[in-house]
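Computed from the coordinates by the stated procedures, all read-outs in this text should not be read as laboratory data. Everything numeric in this text was worked out from a predicted model, so none of it was measured. With ideal geometry, Cβ positions are generated from the backbone for all residues, glycine too; neighbour counts draw on all protein chains shown.
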Amino acid sequence: MFLIDDLVSLPVLGIKFVLRTLQQVAEEQYTDAAPGKRRLLELQLALESEEISEEEYVRQEGEILRELREIENRKRRMAGTEPEEAPAAPQLEIHSALDYESSGQSAPQTWQKTHAKTR
């Protein structure tokens, strides 16, 4: 009796296997960043060989980076985490020891500790 049940359910199991395999392949292609990275490298080579202008490079680079960010967000959604927003350009403040000495302030503790040996 179990043999007959196995034979009857075999086509269903085969179809399930094929569908799971197709789903895995589709997910891998949907979240594959390699083609975008390859396009980015080709774009950089085109700029270096002066095949495209710098303006065209910046425009195409922005498009590719947006696509790569979207792929990363897809991966995050599939993993059940929140996707990231587009990162803002970081604003860095650079202070030298001369800035602190001229303003009458003391340099931050970490700077003083790391540069105490060089004085």
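Each Cα pair under 8 Å and six or more residues apart adds its separation to the average, and for region 14-81 the resulting relative contact order is 39 percent. Couplings for region 53-67, taken from phi via the Karplus curve 6.51 cos²θ - 1.76 cosθ + 1.60 with θ = phi - 60°, read 7, 5, 5, 5, 4, 4, 5, 5, 4, x, 5, 5, 5, 5, 5 Hz in order; Gly and Pro are left as x. Take each peptide in 68-74, 14-20, 56-62, count the other Cβ atoms within 10 Å of every residue, and average; sorted highest first, the result is 68-74, 56-62, 14-20.
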